[in-house]
Amino acid sequence: MDGILNINKPWGTTSFSLVALVKRLSGERRVGHAGTLDPAATGVLPVCLGQGTRVVEFLVDATKAYRAEIELGVVTDTYDASGQIIQRRDSSGISQHQLELGLASFCGLIQQVPPMYSAVKYQGKPLYELARAGITVERRQRLAKVHKLELVNWQPPVATIEVVCGKGTYIRSLAHDLGQTLGCGAHLKSLVRLRCGPFEIRDAVSLAQLEDAYRYDCWQSLLYPIDSVLLHWAAMVVSDDAGQNIRNGRPLVLENGERGKGSGYLAQSTSGRASSENHCRAYALDGRFIGVLRFNSETGQWQPKKVFLS
């Protein structure tokens, strides 16, 4: 039972509870999600099963897209609507132009301070445990990358934005920091994850659909193959001997500086490209996914990084 489910997480449930549900329904012990969604957030939550759990790291690193409602003039201790209101300010003077200028300052590489109500650890303890005990500690700023930030609706005092960002970006912190920039305060009113890597919300299944699929034993139709996470990389088809060497952890030896000459390399797809880390996918002659290779420029070899048993 190896693959990935694209689940539309409903409001009020935790990411951990969805993992527990999939474990119960599937009977699979190895289950994990790729990127936590807060209970008050909804949308795309990829859940990996079996050997699919071995590509979680690539999903966590993938870009994500969100639609967020930000309410100006109200500050909460959690930076979102689930928290206690700690301040109210007048936001009536904020124009759409000011709002757009404020949003523009959060595009590109930005510094963020994680919220106190987050899973980031301080001296071995999650920050949210300290926050619940009434303890506030200094948090280090972290770099986050916002690829796109667009205002899609403005109904004062609520701004609806769409964000495309890299891993580790806190939309709650973005909402809070926007309020500080505008001088009126703000919090995240609602959040929907529209995309996580290749998985889109339009294709995500509800919990009811998921439970029905397992009840009627048609869950296989919902399971994405492991390599669906990696389709943006180049692909390599190798001979049977080279495939066996990869499974045994041996690198593909390249000769004369050519990638693949004399190594069992047969073809490279044109649908993908090598990643910035020089990763690629490897397939057997019959189309089975063998694993992930990483190119070592010093040795001139494609080194197996993750091998998947078939």
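The values are calculated or read from the model by the stated rules, or taken from the named source; none is laboratory data. Values in this document were obtained by computation on a predicted structure and should not be read as measured data. A quick note on method: Cβ atoms are made from the backbone with ideal geometry, for glycine too, and the neighbour counts reach across all protein chains shown.
The set of residues in the range 14-40 being over 18 Å from ARG172 (Cα atoms) and hydroxyl-bearing (Ser, Thr, Tyr) consists of SER17, SER26. Selection of the range 194-240 for residues being touching a Leu at 6+ places or on another chain (Cβ under 9 Å), farther than 16 Å from ALA284 by Cα and among the acidic types (Asp, Glu) yields GLU200, GLU211.
Would you call TYR128 of a type in the set (Phe, Trp, Tyr), out of contact with any His (no Cβ under 7 Å at 6 or more places or on another chain), under 19 Å from PRO39 (Cβ atoms) and touching a residue at least 40 places away in the same chain (Cβ under 8 Å)? First the steps, then the outcome.
Values: of a type in the set (Phe, Trp, Tyr): yes; out of contact with any His (no Cβ under 7 Å at 6 or more places or on another chain): yes; under 19 Å from PRO39 (Cβ atoms): yes; touching a residue at least 40 places away in the same chain (Cβ under 8 Å): no.
Against the criterion (of a type in the set (Phe, Trp, Tyr), out of contact with any His (no Cβ under 7 Å at 6 or more places or on another chain), under 19 Å from PRO39 (Cβ atoms) and touching a residue at least 40 places away in the same chain (Cβ under 8 Å)), TYR128 does not qualify.
Scanning the range 83-103 turns up one or more residues that are assigned to a loop (DSSP other than H, G, I, E, B), touching a Phe, Trp or Tyr at 6+ places or on another chain (Cβ under 9 Å), surrounded by 16 or more Cβ atoms within 10 Å (Cβ to Cβ) and not polar (S, T, N, Q). Does THR76 satisfy the criteria of being at pLDDT 95 or above, in contact with a Pro (Cβ under 8 Å, 6 or more places away or on another chain), hydroxyl-bearing (Ser, Thr, Tyr) and surrounded by 18 or more Cβ atoms within 10 Å (Cβ to Cβ)? No: the conditions fail for THR76. Scan the range 221-269 for residues that are among the acidic types (Asp, Glu) and at pLDDT 55 or above and the total you get is 3. Wholly within the range 128-229, which strands (runs of 3 or more DSSP E) include no fewer than the required count, namely at least 3 residues that are out of contact with any helix residue (DSSP H, G or I) (no Cβ under 8 Å at 6 or more places or on another chain)? Because the criterion is at least 3 residues that are out of contact with any helix residue (DSSP H, G or I) (no Cβ under 8 Å at 6 or more places or on another chain), the strands (runs of 3 or more DSSP E) in the range 128-229 that meet it are 142-155, 158-165. If you go through the range 23-74 and pick out every residue that is outside the structural domain of VAL192 (by TED's automatic domain parsing) and at positive phi, you end up with 4. Among residues that are closer than 23 Å to SER105 by Cα and either touching a residue at least 24 places away in the same chain (Cβ under 8 Å) or not aliphatic (A, V, I, L, M) (or both), SER206 is not included.
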